[in-house]
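Novice: Here it is, the structure in full.
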């Protein structure tokens, strides 16, 4: 995530291009991983998680789904300035979140065919790219307090730009845990 803000149209174009490139590269990497993995590799336990490689690959896509879901919330709360209590409430509910996060990836990783997992990533990234095309300098700079106890890449205060970039940070973190 960047500390520098978007200050003019040239910066807006470069930030959009960088975020788009990150999402496109993650999608291509996922396609390569899913396309080259054997059934045995997909069933193998990952490193440092309780998920199999297949479940972890789904979880990596789920990170982008979270970004897509968060965008309207970050825009709204960023404009209203009501996010501090919201983040505190989410932090208080971290235990159920972690259970849902784990079980959701177990189920999604086992039930969905890898072709569907890739299609979900492609559709999610396409939706994020459409939204990114509509972002302005002002909207990318909107901030919201985040529940830092939910994820190591959530910071106490994040800009819309940071939330877009979170998807790739999350993806890269878990990519290192795959054992394929």
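Novice: Mind checking whether some residue in region 6-26 is over 19 Å from residue 128 (Cβ atoms), surrounded by 14 or more Cβ atoms within 10 Å (Cβ to Cβ) and touching a residue at least 24 places away in the same chain (Cβ under 8 Å)?
Specialist: Scanning region 6-26 turns up at least one residue that is over 19 Å from residue 128 (Cβ atoms), surrounded by 14 or more Cβ atoms within 10 Å (Cβ to Cβ) and touching a residue at least 24 places away in the same chain (Cβ under 8 Å).
Novice: Kindly indicate whether any position in region 117-139 is over 15 Å from residue 63 (Cα atoms) and in contact with a strand residue (DSSP E or B) (Cβ under 9 Å, 6 or more places away or on another chain).
Specialist: no
Novice: Quick one: in region 112-127, of everything that is within 16 Å of residue 29 (Cβ to Cβ) and touching a residue at least 24 places away in the same chain (Cβ under 8 Å), which residue is surrounded by the fewest Cβ atoms within 10 Å (Cβ to Cβ)?
Specialist: This residue is 122.
Novice: Next question. Taking region 137-161, which residues are part of a strand (DSSP E or B) and crowded, with 16+ Cβ neighbours inside 10 Å?
Specialist: 143, 144, 145, 158, 159, listed by residue number.
Novice: Next up: Going through 109, 104 one at a time, which residue ends up being closer than 24 Å to residue 58 by Cα, free of Cβ contacts under 8 Å to residues at least 60 places away in the same chain, surrounded by 14 or more Cβ atoms within 10 Å (Cβ to Cβ) and over 16 Å from the mean Cα position of the chain (by Cα)?
Specialist: Result: 109 is the single residue among 109, 104 that is closer than 24 Å to residue 58 by Cα, free of Cβ contacts under 8 Å to residues at least 60 places away in the same chain, surrounded by 14 or more Cβ atoms within 10 Å (Cβ to Cβ) and over 16 Å from the mean Cα position of the chain (by Cα).
Novice: Filter region 123-136 down to the residues that are outside any loop (DSSP other than H, G, I, E, B) and touching a helix residue (DSSP H, G or I) at 6+ places or on another chain (Cβ under 8 Å), then identify the one that is nearest to residue 96 (Cα to Cα). Can you show your working first?
Specialist: Initially, region 123-136 is screened for residues outside any loop (DSSP other than H, G, I, E, B), giving 123-134.
Next cut, touching a helix residue (DSSP H, G or I) at 6+ places or on another chain (Cβ under 8 Å) only: 124-125, 127-129, 131-133.
Details: 124: 25, 125: 27, 127: 28, 128: 27, 129: 31, 131: 30, 132: 31, 133: 34 Å.
Among those residues, the one meeting the criterion is 124.
Novice: Consider region 44-96. How many of its residues are assigned to a helix (DSSP H, G or I) and either out of contact with any helix residue (DSSP H, G or I) (no Cβ under 7 Å at 6 or more places or on another chain) or farther than 18 Å from residue 106 by Cβ (or both)?
Specialist: Number of matching residues: 29.
Novice: For residue 164, which of the numbered conditions (1) buried (at least 22 other Cβ atoms within 10 Å of the Cβ); (2) not in a helix (DSSP H, G or I) fails to hold?
Specialist: Evaluating residue 164 over (1) buried (at least 22 other Cβ atoms within 10 Å of the Cβ); (2) not in a helix (DSSP H, G or I) leaves (2) as the failure.
All of the numbers you see were taken from the coordinates with simple rules; none came from a lab. Everything numeric in this text was worked out from a predicted model, so none of it was measured. Because the Cβ atoms are built from the backbone with ideal geometry, glycine has one as well, and the counts that use them run over all protein chains shown.
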